[in-house]
Amino acid sequence: MLERLKKLMPAKDSLLQNRWLRWLRPWLGHPRLWHLSRKGVALGMAIGVFFGLLIPVAQIPASAIASVLLRAHLPAAAASTLVTNPITFAPVYYAAYELGRVILREDAATEEELARIVERKAQDHARATELSLGQQINQGWQRVGEIGKPLIVGLSILAVTLGLTVYFGVSAIWALRVRLARRQRLRKMRNPD
């Protein structure tokens with residue numbers, strides 16, 4: 001299994017030679033970022049799931065920075081951000097919204113409220129060329145405030161919970177596989193056929 005995983009990972013040298021990543025060479029050269037170990041892979045996957053759920057854009061750079069700082073397995077962190085992808089994005093964000101809504105004890109938005117939000121968004125989009133970037137960002141935060149509070153709370157809860165679950169789950173599976181492999185080796189040593 002580890003051999004298959006190693007084949008799928010990009011080579012460390014090829015990443016270090018990449019012209020966009022050369023400036024990161026001092027940090028990307030650390031061996032713990034590339035070594036397949038239980039703690040490193042579990043932490044890398046947990047970081048990737050955390051950032052994959054928590055932020056909608058720049059997930060891979062955020063997880064890469066965190067994995068460099070925490071000395072986690074960098075390819076595992078980058079790959080596990082794909083927990084949210086075009087197929088899973090809508091169900092994950094809907095579940096996060098519903099979780100946040102329940103936690104905050106807010107009523108679900110009615111169809112009229114949703115229609116009003118969509119209509120206001122269309123008007124904002126039409127006026128977007130008239131507004132400065134700062135005004136557009138401020139307007140975006142106001143819209144996020146309308147339905148964003150439950151979404152942010154839900155995403156935060158999901159990100160922390162699933163990140164911890166992935167860390168402990170990967171650690172447990174890794175330890176179990178090591179134990180089983182050790183038992184098989186001991187059996188073969190005791191009973192050579």
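The table below lists the values:
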item	result
Among (1) at pLDDT 90 or above; (2) under 19 Å from Y94 (Cα atoms), the one test that R143 misses	(1)
Selection status of R183, at pLDDT 90 or above, more than 24 Å from F89 (Cβ to Cβ) and either over 28 Å from the mean Cα position of the chain (by Cα) or outside any helix (DSSP H, G or I) (or both)	yes
Which numbered condition F50 fails, given (1) open to solvent by less than 40 Å² (accessible area, probe 1.4 Å); (2) under 14 Å from V166 (Cβ atoms)	(1)
Output for the range 66-85, where each listed residue is assigned to a loop (DSSP other than H, G, I, E, B) and open to solvent by 20 Å² or more (accessible area, probe 1.4 Å)	R71, N85
Among the candidates E112, E106, E98, residue that is over 29 Å from R38 (Cβ atoms), over 28 Å from the mean Cα position of the chain (by Cα) and at pLDDT 70 or above	E112
Filtered residues of the range 22-39 (kept if modelled with pLDDT under 90 and either open to solvent by 50 Å² or more (accessible area, probe 1.4 Å) or under 16 Å from the mean Cα position of the chain (by Cα) (or both))	R22, W23, R25, P26, W27, H30, P31, R32, H35, R38
Any hit, the range 49-56, residues being of a type outside the set (F, W, Y), part of a helix (DSSP H, G or I) and out of contact with any helix residue (DSSP H, G or I) (no Cβ under 6 Å at 6 or more places or on another chain)	no
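The values are calculated or read from the model by the stated rules, or taken from the named source; none is laboratory data. For clarity, every value in this text was computed on a predicted model and none was experimentally measured. With ideal geometry, Cβ positions are generated from the backbone for all residues, glycine too; neighbour counts draw on all protein chains shown. To get the accessible areas, we keep the full protein, side chains included, count just its heavy atoms, and leave off ligands, DNA and RNA. Shrake-Rupley method; radii C 1.70, N 1.55, O 1.52, S 1.80 Å.
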